[in-house]
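Heads up, the thing below is written out as structure tokens.
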Amino acid sequence: MITINEITIEIAGREIIYNYSEQIPAGSITAIVGPNGCGKSTLLAAIAGSIVPTKGTITIDEVHPALSTPAQLAKIRAMAVQNQFYSLGFTVRQIIEMAGPATKIMQALELSNIADRHVTTLSGGESQRVAIAQAVAQDTPVLLLDEPLAAQDIASRKRIIEFLQNLAENGVTVVVVVHQAEKDLTWADKVIKDFL
């Protein structure tokens, strides 16, 4: 379980999130939704331990991400950011295998047919699916995804959602940032809208 306890986050003197508390159940999909600039990605980064709250605490099963080493964090959570940019000429398979076994995940996300392509040649949607696959291959109890559906066509969106549902059914805690334009959130177990 992820416990957010009365956090306030200030960045460059601006209060992004104020006195916010939430509990995110284990083995579920939680969608964080809202307009651009409302703090969705900031909240996700704070859960990941990349941003330290000005006040309050966040714990993942009693572990404080903000106080953990990168090696400790790599065991408890994996994250895929929006607009993943690759500058080195590894193949899709190599990028995913840096995190863990790739074959089943590539099949689930329809990446097998581009497994040997260099990641620098991918479209935005393909790059995003590779980032998701790499995060999943890390095999952590918590998976954090920043707008994984943004650059996907309808078939890819459906495939990603089904894949995430399967992960949650197998005990993974999935937290997904989605844009306010995302109307159908019936695939999420919990929706967080008001966290300012």
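Assorted remarks:
- Selection from the stretch 29-56 of residues that are free of Cβ contacts under 8 Å to residues at least 60 places away in the same chain and either in a loop (DSSP other than H, G, I, E, B) or among the basic types (Lys, Arg) (or both): Gly37, Gly49, Ser50, Ile51, Val52, Pro53, Thr54, Lys55
Per-residue answers, yes or no, for (1) within 19 Å of the chain's Cα centre (by Cα); (2) touching a residue at least 12 places away in the same chain (Cβ under 8 Å); (3) under 20 Å from Leu149 (Cβ atoms); (4) surrounded by fewer than 19 Cβ atoms within 10 Å (Cβ to Cβ):
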| position | (1), (2), (3), (4) |
| --- | --- |
| Glu22 | yes, yes, no, yes |
| Gly27 | yes, yes, no, yes |
| Ile58 | yes, yes, no, no |
| Gln72 | yes, no, no, yes |
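- So Thr59, is it under 24 Å from Asn5 (Cβ atoms) and out of contact with any Phe, Trp or Tyr (no Cβ under 7 Å at 6 or more places or on another chain): yes
- In the stretch 60-70, the qualifying residues are those that are surrounded by 14 or more Cβ atoms within 10 Å (Cβ to Cβ) and free of Cβ contacts under 8 Å to residues at least 60 places away in the same chain, and the one that is nearest to the chain's Cα centre (by Cα) is Pro65.
- Filter pass, Ile7 being out of contact with any Leu (no Cβ under 7 Å at 6 or more places or on another chain), within 26 Å of Ala150 (Cα to Cα) and of a type in the set (Val, Ile, Thr): no
- For the stretch 29-56, filtered to residues that are of a type in the set (S, T, N, Q) and surrounded by 13 or more Cβ atoms within 10 Å (Cβ to Cβ), the residue that is nearest to Val176 (Cα to Cα) is Thr30.
- Hits in the stretch 123-151 - residues which are farther than 23 Å from Ser50 by Cβ, out of contact with any Ser or Thr (no Cβ under 8 Å at 6 or more places or on another chain) and at pLDDT below 90: Ser123
- Test: residue in the stretch 117-124 that is basic (Lys, Arg) and either under 21 Å from Thr3 (Cα atoms) or within 18 Å of the chain's Cα centre (by Cα) (or both): no
The values are calculated or read from the model by the stated rules, or taken from the named source; none is laboratory data. This structure is a prediction, so every number in the text was calculated from the model and none was measured. Cβ atoms come from the backbone with ideal geometry, glycine included; neighbour counts cover every protein chain shown.
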